[in-house]
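The values are calculated or read from the model by the stated rules, or taken from the named source; none is laboratory data. Just so it is clear, the model here is predicted, and its values are computed rather than measured. Neighbour counts run over all protein chains shown; Cβ positions are idealised from the backbone, glycine included.
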């Protein structure tokens, strides 16, 4: 038996209920893992509210770290007793123990603790594909400007540091002066409090009127129009979230009028669809973390039993950096 958090219908944080579930043995291509820490992510909110629909009841959670307890047939990259971490579909990490597909589970380097592993996989792999794969048609080179919304969040603080390591001039946005200072302290070249300033006008000032090559936007509806106005000709709008709500339909012709722009909507799970791609991306992430170029900031910890409050704080934008659930 395992404690787990389930919802029986979409709704608010009050739908998150602590239950006992039976956990069996792993089947072919699966493992059983006992969690030491669990990651909290905004995608969990999308699933809880029904924006991303799933069959009910649903056990939430996309990220965790722990020890492999059992290995199913055909799994060769993990063994019983391995320290491991993952970002993976289907949901289910809000639990003490779970059985799950093995392909997205990676052996965790000894230099990285369980809490850091649980806090970094989904967010760090997201930052990896954004900076390394979701690139504008003209490419990215040292010195180029990029705009990153929610720069003081879990993905944002990793991206700030990684962009600095790549030589990029990252312009970060956040909702308070304190969050802007946090982004600057973690490698952002500039930071804009979008509640106090017109971020599109400020980006034009910073870039001498040229705009940025790419905008990385997990906010969605509230920042969409302004983000398009920040792009230079042939720039890329990389949408990867909807924290303020989904982007409404728009006429493709506007992309031409604004400078022959590109738009992409990507998900991490397309990038980690195979064992090989997952491991390659994870190796890149592990390397920048163990080298010290990227530090994982765990700014909030909640017991699994207090997951309702964790969701409330996340939605109220009262968190910074990464948040984990502890057991």
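Data table
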| quantity | calculated |
| --- | --- |
| Residues within segment 256-315 that are without any contact (Cβ under 8 Å) to a residue 24 or more places away in the chain and within 21 Å of residue 109 (Cβ to Cβ), tallied | 7 |
| Count - residues of segment 224-254 that are surrounded by 17 or more Cβ atoms within 10 Å (Cβ to Cβ) and touching a strand residue (DSSP E or B) at 6+ places or on another chain (Cβ under 8 Å) | 14 |
| Hits in segment 17-35 - residues which are surrounded by fewer than 21 Cβ atoms within 10 Å (Cβ to Cβ) and in a loop (DSSP other than H, G, I, E, B) | 22, 23, 24, 25, 27, 28, 29 |
| Set 295, 309, 266: member being under 17 Å from the mean Cα position of the chain (by Cα), modelled with pLDDT of 95 or more and surrounded by fewer than 17 Cβ atoms within 10 Å (Cβ to Cβ) | 295 |
| Qualifying residue in segment 79-87 (condition: without any contact (Cβ under 8 Å) to a residue 12 or more places away in the chain and touching a strand residue (DSSP E or B) at 6+ places or on another chain (Cβ under 7 Å)) | yes |
| Residue match in segment 279-286 (condition: assigned to a loop (DSSP other than H, G, I, E, B) and touching a helix residue (DSSP H, G or I) at 6+ places or on another chain (Cβ under 6 Å)) | no |
| Which numbered condition residue 128 fails, given (1) over 18 Å from the mean Cα position of the chain (by Cα); (2) within 24 Å of residue 37 (Cα to Cα) | (1) |
| Hits in segment 174-210 (condition: buried (at least 23 other Cβ atoms within 10 Å of the Cβ) and over 24 Å from residue 314 (Cα atoms)) | 203 |
| Verdict on residue 38 being surrounded by 13 or more Cβ atoms within 10 Å (Cβ to Cβ), at pLDDT 95 or above and either over 25 Å from the mean Cα position of the chain (by Cα) or in the same structural domain as residue 279 (by TED's automatic domain parsing) (or both) | yes |
